[in-house]
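The values are calculated or read from the model by the stated rules, or taken from the named source; none is laboratory data. Just so it is clear, the model here is predicted, and its values are computed rather than measured. Cβ placement follows ideal geometry from the backbone for every residue including glycine, while neighbour counts extend to all protein chains displayed. The protein model used for the area step is the full one, side chains on, heavy atoms only, and it has no ligands, DNA or RNA in it. Shrake-Rupley method; radii C 1.70, N 1.55, O 1.52, S 1.80 Å.
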Amino acid sequence: ESTSDSLYDLLIIPMDTNKESLLLASKLRNNGIKVIIEMNKRKVKKALESANKNGIPYVIILGQNEIDTNTIELKDMNNSIKINLDNTNEIVDIIKNKH
């Protein structure tokens, strides 16, 4: 189990991709990742600041571009890793092994 201080492992920020974001969140939750989705339509910068303040270690911004290229960037507060959107296991591995 995660030893992070945060209630969540990952924040997903949908950019008009609520359906896809919910789908991704649900896949990750099934793998034991604690996901929260930004539903307040805040600007990305604000959402990132909030994630940082709340100790959420990872963020995925899911926009139409990510859907079209089927690639997401898993960002932690220092780095960003490009991952195929279908590769849920890789996302799970990175998040779980971080802690």
Query raised in the report: Using all Cα-Cα distances in the chain, what percent lands in each 5 angstrom bin from 0 up to the longest?
Result: 2, 14, 28, 28, 20, 7, 1
**Report entry** N31 long-range amide H proximity, modeled H, under 5 Å
**Finding:** none
**Report entry** Backbone N under 12 Å from the K34 label point (7 Å along Cα→Cβ), restricted to segment 72-87
**Finding:** none
Requested in this report: Roll a 1.4 angstrom probe over the protein heavy atoms and tell me the percent of accessible area of the chain that is carbon or sulfur.
Outcome: 48
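By average Cβ neighbour count within 10 Å, what is the ranking of 71-83, 52-64 from highest down? Present the calculation step by step, with values, prior to reporting the outcome.
Working: 71-83: 13.8, 52-64: 17.6.
The peptides rank, most packed first, as 52-64, 71-83.
Give me the Kirkwood hydrodynamic radius of segment 1-59, using the inverse of the mean 1/r over all pairs of distinct Cα atoms, in Å to one decimal. If you can, show how the numbers build up before the last one.
Numbers: mean 1/r = 0.0857 Å⁻¹.
One decimal place: 11.7 Å for the Kirkwood radius.
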Query raised in the report: Which lysines have a Cα less than 20 Å from the Cα of K43, not counting those fewer than 8 places away in the same chain?
Result: K19, K53, K75
Report task. Could you pull out every residue, at least 5 positions away or on a different chain, whose amide H is within less than 5 Å of the one on I37? Hs are placed 1.01 Å off N in the peptide plane, and Pro or chain starts have none. Result -> I12
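Between K96 and T71, what's the calculated FRET efficiency when r is the beta-carbon distance and R0 is 22 Å? Round to 0.05.
Values: r = 21 Å, r/R0 = 0.95.
In this case the efficiency is close to 0.60.
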Requested in this report: With a probe of 1.4 Å, find how much accessible area the chain has per residue, and write the answer as a whole number in Å².
Outcome: 60
